[in-house]
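The values are calculated or read from the model by the stated rules, or taken from the named source; none is laboratory data. From a predicted model like this one, the values you see are computed outputs, not experimental measurements. Positions of Cβ are generated from backbone atoms using ideal geometry, with glycine treated the same way; all protein chains shown enter the neighbour counts. Side chains are part of the model used for accessible areas, which takes the heavy atoms of the whole protein and leaves out ligands, DNA and RNA. Shrake-Rupley method; radii C 1.70, N 1.55, O 1.52, S 1.80 Å.
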Amino acid sequence: MLKLQDLHVYYGGIHALKGVSIDVPEGSIVTLIGANGAGKSTMLKTITGLVRPRKGTITLNDEEITGQPAHRIVSKGVAMVPEGRRIFRNLTVYENLMMGAYPRTDRNGIKEDLERVFSLFPRLKERRNQKGGTLSGGEQQMLAIGRGLMSSPSLLALDEPSLGLAPVLVQEVFQILKQIHEQGKTILLIEQNAKAALQLADRAYVMETGRITMQGTGRELLENELVRKAYLGE
Amino acid sequence: MDLSTFIQQLLNGISLGGLYALIAIGYTMVYGILRLINFAHGDVFMLATYFAYYLVGIYMLPWWLGITLAVLLAALVGMSIDRVAYRPLRNAPRISALITAVGVSFLLENGGIVVLGARPKGFPRPEIMGKVYTLAGASIIGVSVWVPVLTLLILAALLFIVYRTKIGAAMRAVSTDMETTRLMGVDIDRVISFTFALGSALAAAGGIMWAFKFPQINPLMGILPGWKAFTAAVVGGIGNIIGAMLGGLVIGIVEIMIVAFLPWLSGYKDAFVFIILIAFLLFKPTGFLGEPLKEKV
Ligand SMILES: Nc1ncnc2c1ncn2[C@@H]1O[C@H](COP(=O)(O)OP(=O)(O)OP(=O)(O)O)[C@@H](O)[C@H]1O
Ligand SMILES: [Mg+2]
């Protein structure tokens, strides 16, 4: 469904992605792990059109989308849950969710998706008229995921959704990702929590300083000696 | 001073302050999104009165049509200023856009003198604005009734747009986090264009009502109200729409009260507003309702 080929991204003089190629098949969960500063967020931002690559191509469902502006890419079915949640703190929970549905015009579909999000995250329903900024960290993460779902994406990309959450909540986030996947979404997941992420993944990549250095099924990487040492702390 | 004079002056202050509020909102909305002080905003206020002057006074369109067209034209001018002057500088250092804003303002003022003439023109007044009403024994002229009423209606409509519509939510979202708003599938440039159009339309409505109150227009007439409205936006907390409304009222009331009750200082009424501006910039740059200053990344 999504294919990156030989992506090169620069921030001024910094060469942040040095020829990244990955493949996200329809219906899969693909995970990308890597150390701080490896370029994981940059890769997601490039997919969603926030950053333009200098070289390489991005193909979504056989259509090349390289360099298109972010608002177009959302309409093509890619939603991103950004690093650090980035919810709109001065908008209510309900307004945050509706921002997720911004380009949509199918009122009934939006309503259905809103119900779906509320049944996935009942806390959000209770707090629907509260300002986003008043939610706890965990609730904000749920809101960020819910907001991503509101565009009715076929591909949901998440940038470290478990970052900064208490262990119980981390569990919950992974549980929810599983549910979302079972409901038919393709998932591209960036995680520092390598173990949980690899357990969930059909396919996984390891990124180091702007390059993909390893890839395989989730299980293969879980069993890989180098991965165990570097990312699983064993 | 007796109570009824005080109340009379208070109403005058509210009426004038409402007009400052209408202009101040345009400054504050643009600042909230782009962190740019649109110095040309006061000149859009001026242009709107000329549009109305030509459409109604010269081309004899009916008032409702002339005003509607003048407001729409002003909105178009505001949008075009952004498109032509500010958009190309979106990724440039902020000071570049600021200097450009000053340049656009000079261009409109001096272009106005060349094209429209420096001599003030008498602004026509619709009948209803000149009509004298008798209210509880006191007589009151139409402008003093209708200007504040219309101002209130416009402000209510604005609040509705900003807080109850989709584009309004997008405006609020953009002003907190532009990048994430893009991730929502929002075309930021359209939201910014809309913001300029809306702010300019409000300033235009304010300008036309201003000309009902003070029926002489000239190409430099936007400067002083523009600065006072900017002060109002700062007092209220720049970036905050409700703040701009309250700031406008405060400035209007202060100005009227000085003239009414400290007549020996009335020659300095404009200076007072600037003292307020400087004091706020020095001691409370975030105004009453503004959020703590935070450099945008
Ligand atoms: N806007 C930017 N301007 C300049 N350099 C940047 C910018 N964003 C990221 N970088 C640099 O690009 C490299 C990759 O950053 P990126 O945020 O993609 O890493 P990451 O893998 O997501 O790290 P983390 O796990 O800490 O989130 C880093 O060296 C970072 O300093
Ligand atoms: Mg990152």
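I'd like the antiparallel share, as a percent to the nearest 5, of DSSP beta bridges with both residues in chain A.
Among the beta bridges of chain A, antiparallel pairing accounts for roughly 55 percent.
Using every alpha carbon pair in region B:13-283, what percent of pairs falls into each 10 Å bin from 0 up to the bin containing the largest distance?
7, 29, 36, 21, 6, 1, 0
With the Cα gyration tensor of region B:251-291 in hand, give its eigenvalues times 5 under a square root as the equivalent ellipsoid semi-axes, listed largest first in whole angstrom.
24, 11, 6
Per residue, how many Å² of accessible area does region B:150-297 show with a 1.4 Å probe?
44
Take every Cα-Cα distance within region B:208-250, group them into 10 Å bins from 0 onward, and report for each bin the whole-number percent of pairs it holds.
30, 41, 28, 1
Can you give the three extents of the C-alpha atoms in region B:120-243 along their principal axes, from longest to shortest, in whole Å?
Principal extents (largest minus smallest coordinate, Cα): 58, 35, 26 Å.
Indicate the gyration tensor shape class of region B:52-198 (rounded, prolate or oblate), computed on the Cα atoms with a ≥ b ≥ c the square roots of the eigenvalues: a/c under 1.5 is rounded; otherwise a/b larger than b/c is prolate and the rest oblate.
Here region B:52-198 falls in the oblate category.
Which of B:Ile141, B:Ile81, B:Pro215 sits closest to the plus end of the dipole of region B:13-283, meaning its Cα is farthest towards the positive end, when Lys and Arg get +1 and Asp and Glu get -1 on the C-beta?
Going by the charge dipole, the pick is B:Ile81.
For chain B, which whole-number percentage of the solvent-accessible area (1.4 Å probe, protein heavy atoms only) is attributable to carbon and sulfur atoms?
71
How much accessible area per residue does region B:1-149 have, counting only protein heavy atoms and a probe of 1.4 Å, in square angstrom?
49
Between A:Ser119, A:Ser152, A:Ser41, find the one with the highest GNM mean-square fluctuation for chain A; connect C-alpha pairs within less than 10 Å.
Residue with maximal mean-square fluctuation among A:Ser119, A:Ser152, A:Ser41: A:Ser119.
FRET efficiency for A:Asp62 and A:Glu208, Cβ-Cβ distance as r, R0 = 30 Å, nearest 0.05?
0.50
Given a 1.4 Å probe, how much area per residue of region A:1-142 is accessible, in Å²?
44
For a quick check: with amide H placed at 1.01 Å from N, whose amide H comes under 5 Å from A:Thr66's, ignoring anything fewer than 5 positions away on the same chain?
Residues meeting the amide H criterion: A:Ile58.
Give me the net charge of B:Trp210's neighbourhood, meaning all other residues with Cβ under 13 Å from the Cβ of B:Trp210; Lys, Arg count +1, Asp, Glu -1.
+3
If you take every DSSP beta bridge whose two residues both sit in region A:128-234, what share of them, in percent to the nearest 5, is antiparallel?
In region A:128-234, DSSP labels about 55 percent of beta bridges as antiparallel.
With a 1.4 Å probe, what is the total accessible area buried between chains B and A, in Å² rounded to the nearest 100?
In total, chains B and A hide about 2000 Å² from solvent.
Evaluate the distance, in nm, between pseudo-label points positioned 7 Å from the Cα of A:Arg107 and of B:Ser80 along their respective Cα→Cβ axes.
About 3.7 nm, to one decimal.
Can you give the net charge of the other residues whose Cβ lies under 13 Å from the Cβ of B:Tyr86, counting K and R as +1 and D and E as -1?
Taking every other residue near B:Tyr86 into account, the sum is +3.
Rounded to the nearest 500, what is the 222 nm mean residue ellipticity of chain A from helices alone, with -39500 (n - 2.57) per DSSP H run of 4+ residues and division by all residues?
Dividing the helical sum by the residues of chain A leaves -11000 deg cm²/dmol.
Determine, at each q value in 0.14 (inverse angstroms), the log₁₀ of I(q)/I(0) that the Debye formula gives when each Cα of region B:1-134 is one equal point scatterer.
Ignoring solvent entirely, the Cα scatterers give -0.80.
Taking the Cα centre as origin and putting +1 on Lys and Arg beta-carbons and -1 on Asp and Glu beta-carbons, what dipole magnitude results for the protein assembly as shown, to the nearest 20 debye?
Once rounded to the nearest 20, the dipole reads 540 debye.
Let me check against my output: what whole-number percent is the relative contact order of chain B, with C-alpha pairs under 8 Å and at least 6 apart?
This gives 35 percent for chain B.
So which of A:Lys125/A:Lys185; A:Lys40/A:Lys195; A:Lys45/A:Lys178; A:Lys185/B:Lys166 end up more than 19 Å apart, counting from Cα to Cα?
A:Lys125/A:Lys185; A:Lys45/A:Lys178; A:Lys185/B:Lys166
Relative contact order of chain A, please, whole-number percent, based on alpha carbon pairs below 8 angstrom and at least 6 residues apart.
For chain A, the relative contact order is 27 percent.
For region A:23-115, state the semi-axes of the equivalent ellipsoid (square roots of 5 times the eigenvalues of the alpha-carbon gyration tensor), sorted largest first and rounded to whole angstrom.
25, 18, 14
Quick check: residue separation of B:Ala271 and B:Arg87 times 0.36 nm, minus the Cα distance between them. What number comes out in nm?
62.8 nm
In whole angstrom, how long is each semi-axis of the equivalent ellipsoid of chain A, when you take the square root of 5 times every eigenvalue of its Cα gyration tensor and sort them from largest down?
So the three semi-axes of chain A are 28, 21, 16 Å.
Ordered by residue, what ³J(HN,Hα) values in Hz, to whole numbers, does region B:241-253 give under the Karplus form 6.51 cos²θ - 1.76 cosθ + 1.60, where θ = phi - 60° and Gly and Pro are x?
So the Karplus estimates, Gly and Pro as x, are 5, 4, x, 5, 5, 5, x, x, 4, 4, 4, x, 5 Hz.
Using each residue's phi in region A:59-67, evaluate 6.51 cos²θ - 1.76 cosθ + 1.60 at θ = phi - 60° and report the 3J(HN,Hα) Karplus result to the nearest Hz, with x for Gly and Pro.
Once θ is set to phi - 60°, the couplings for region A:59-67 become 10, 10, 6, 6, 10, 7, 10, 3, x Hz.
Which one, B:Tyr20, B:Gln8, A:Gly164, projects farthest toward the positive side of the charge dipole computed for the protein assembly as shown from Cβ point charges (K/R +1, D/E -1)?
Farthest towards the positive pole: B:Gln8.
Under 5 Å between amide hydrogens, which residues at least 5 positions from A:Arg211 or on another chain qualify, with H placed 1.01 Å from N in the peptide plane?
A:Lys18
Per residue, how much space in cubic angstrom lies within the convex hull of the C-alpha atoms of region B:3-70?
122
Do any residues of region A:88-117 show a loss of at least 30 square angstrom of accessible area between the isolated chain and the full protein assembly, using a 1.4 Å probe, and if so which?
Going by heavy-atom accessible area, the residues of region A:88-117 that drop by at least 30 Å² are A:Phe88, A:Arg89, A:Asn90, A:Leu91, A:Glu95, A:Met99, A:Tyr102.
Just to confirm the filter: which trypsin sites (Lys or Arg not before Pro) across region B:126-200 are DSSP coil and have at most 15 other Cβ within 10 angstrom of their Cβ?
B:Lys131
Over every pair of different alpha-carbon atoms in the protein assembly as shown, take the mean of 1/r and invert it; report that Kirkwood radius in Å.
About 25.9 Å, per the Kirkwood formula over Cα pairs.
Could you tell me which residue out of B:Phe196, B:Ala229, B:His41 lies farthest along the dipole of chain B toward its positive end? Charges go on the beta carbon: Lys and Arg +1, Asp and Glu -1, centred on the Cα centre.
It is B:Phe196, whose Cα lies furthest towards the positive end.
Before rounding to the nearest 500, sum -39500 (n - 2.57) across all DSSP H runs of length at least 4 in chain B and divide by the residue total; then give [θ] at 222 nm in deg cm²/dmol.
Dividing the helical sum by the residues of chain B leaves -23500 deg cm²/dmol.
Using Cα-Cα distances under 8 Å and only pairs 6 or more residues apart, what relative contact order does region B:91-223 have, in percent?
36
Considering amide H positions built from the backbone, and no H for Pro or chain starts, which residues 5 or more places from B:Leu36, or on another chain, come under 5 Å of its amide H?
Distant-sequence amide H within range of B:Leu36: B:Tyr31.
How big is region A:5-55 in terms of Cα radius of gyration and Dmax, in angstroms?
In Å, with Rg to one decimal and Dmax whole: 11.3, 37.
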